[in-house]
1. Any chance you could count how many residues in the stretch 3-26 are in contact with a Phe, Trp or Tyr (Cβ under 7 Å, 6 or more places away or on another chain) and surrounded by fewer than 16 Cβ atoms within 10 Å (Cβ to Cβ)?
2. Can you go through E100, E29, E4, E9 and tell me which one is acidic (D, E) and within 12 Å of the chain's Cα centre (by Cα)?
3. Please tell me if L51 is in a helix (DSSP H, G or I), of a type in the set (A, V, I, L, M) and in contact with a Pro (Cβ under 9 Å, 6 or more places away or on another chain).
4. Would you call S41 on the phi < 0 side of the Ramachandran plot, open to solvent by 90 Å² or more (accessible area, probe 1.4 Å), without any contact (Cβ under 8 Å) to a residue 60 or more places away in the chain and of a type in the set (S, T, Y)?
5. Hey, any hits in the stretch 90-105 for a residue that's open to solvent by 50 Å² or more (accessible area, probe 1.4 Å) and touching a helix residue (DSSP H, G or I) at 6+ places or on another chain (Cβ under 6 Å)?
6. Just one of (1) buried (at least 17 other Cβ atoms within 10 Å of the Cβ); (2) in contact with a helix residue (DSSP H, G or I) (Cβ under 9 Å, 6 or more places away or on another chain) trips up Y73, so point out which.
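The values are calculated or read from the model by the stated rules, or taken from the named source; none is laboratory data. None of these values were measured; they are calculated from a predicted model. Virtual Cβ from ideal backbone geometry, glycine too; neighbours counted across all protein chains shown. Please note that ligands, DNA and RNA were not included when accessible areas were found on the heavy atoms of the full protein model with its side chains. Shrake-Rupley method; radii C 1.70, N 1.55, O 1.52, S 1.80 Å.
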Amino acid sequence: MIREINARELADWLADASRPQPVLLDVREDWEYALCRIAGSRQIPMNLIPLRHNELPDDTPVVTICHHGVRSYQVGLFLENAGFEQVLSLRGGVAAWADEVEPAMARY
């Protein structure tokens, strides 16, 4: 079972220069990512993770992100099973981020 992180905790982490910064892995589809995204995130759609997870550093924390947190949690489980040791899923996804951190973010 992977650990979840809420939007406020992630925002605090990203603002803390003393902490190693995570890879923000957005697993949504292209059209979703084009509408809104967390600054600094990189996108690999969920269906491509099995083919492209080797593009991710395995020595850096990875925070998986989707719309509401379901797909990101599933991808997090996949990454853990693939050997990644520092995986977290953003609880509530970009919807929670927009609600709690970035209210001007586009929503869908």
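1. Residues meeting the conditions: 1.
2. Working: E100 fails: within 12 Å of the chain's Cα centre (by Cα); E29 fails: within 12 Å of the chain's Cα centre (by Cα); E9 fails: within 12 Å of the chain's Cα centre (by Cα).
Of the residues listed, the single one that is acidic (D, E) and within 12 Å of the chain's Cα centre (by Cα) is E4.
3. Numbers: in a helix (DSSP H, G or I): yes; of a type in the set (A, V, I, L, M): yes; in contact with a Pro (Cβ under 9 Å, 6 or more places away or on another chain): no.
No; evaluated as a whole, the condition is false for this residue.
4. Numbers: on the phi < 0 side of the Ramachandran plot: yes; open to solvent by 90 Å² or more (accessible area, probe 1.4 Å): no; without any contact (Cβ under 8 Å) to a residue 60 or more places away in the chain: yes; of a type in the set (S, T, Y): yes.
For S41, the condition - on the phi < 0 side of the Ramachandran plot, open to solvent by 90 Å² or more (accessible area, probe 1.4 Å), without any contact (Cβ under 8 Å) to a residue 60 or more places away in the chain and of a type in the set (S, T, Y) - is not met.
5. So the first thing to find is which residues in the stretch 90-105 are open to solvent by 50 Å² or more (accessible area, probe 1.4 Å), and the list is 91, 99-100, 102-104.
Next, only the ones that are touching a helix residue (DSSP H, G or I) at 6+ places or on another chain (Cβ under 6 Å) stay: 100.
Checked against the condition, which is being open to solvent by 50 Å² or more (accessible area, probe 1.4 Å) and touching a helix residue (DSSP H, G or I) at 6+ places or on another chain (Cβ under 6 Å), the stretch 90-105 yields at least one hit.
6. Going through (1) buried (at least 17 other Cβ atoms within 10 Å of the Cβ); (2) in contact with a helix residue (DSSP H, G or I) (Cβ under 9 Å, 6 or more places away or on another chain) one by one, Y73 breaks only (2).
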